[in-house]
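These notes are about the structure you will find just below.
The values are calculated or read from the model by the stated rules, or taken from the named source; none is laboratory data. For clarity, every value in this text was computed on a predicted model and none was experimentally measured. Every residue, glycine among them, receives a Cβ derived from its backbone with ideal geometry; neighbour counts consider all protein chains shown.
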């Protein structure tokens, strides 16, 4: 173990991508359980290494570490991520104010998630029409953060099976919107008609 840590410390941070750096920083912390303090330390180090415009959300960092086997203190992680998102949306201006449910740190229902994606699409179109590159980036970043939170909640054993299944589905919706926003509405219509979707979810699940 000691030899492994020595080798890890000898690597140059500049040679690491974000994911590798996050895992290495957790290594340096002794692979401890992850809560607000640990996420804050790792987030600050990632920002220092890659620059302020490349900051990772607490949920994104937690998801990377969960994939590596880290124990997450789920309520603490989600509450910290919610506060971080709220502050970020506040700083991004009034156009993103209607997306408050994305920063609540609570599981979304499918209908509510659909409404939020539609709002993001309206914001994207407005930004594209006006040539506002900053707003375009923020819309995509907001969707990426929402996806990361849904993926994190999908692993929270305090939620029941139906709630976790909804979070998996919602994470996929945000992924598709980020990749092909103009095609999302048609994709979602086909998705909702699929046998797989109808077997998993009832009409009440898709209500706003």
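In table form, for the structure just shown:
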quantity	calculated
Qualifying positions in segment 50-66 - assigned to a helix (DSSP H, G or I), under 15 Å from residue 87 (Cβ atoms) and within 10 Å of the chain's Cα centre (by Cα)	58, 59
Index of the failed condition, residue 140 passing every other in (1) closer than 19 Å to residue 37 by Cα; (2) assigned by TED's automatic domain parsing to the domain that holds residue 171; (3) modelled with pLDDT of 85 or more	(1)
Condition met for residue 96 (modelled with pLDDT under 80 and in a helix (DSSP H, G or I))	yes
Check on residue 154, within 13 Å of the chain's Cα centre (by Cα) and modelled with pLDDT of 90 or more	yes
Residue that is farthest from residue 21 (Cα to Cα), among those in segment 68-93 that are at pLDDT 90 or above and in a helix (DSSP H, G or I)	76
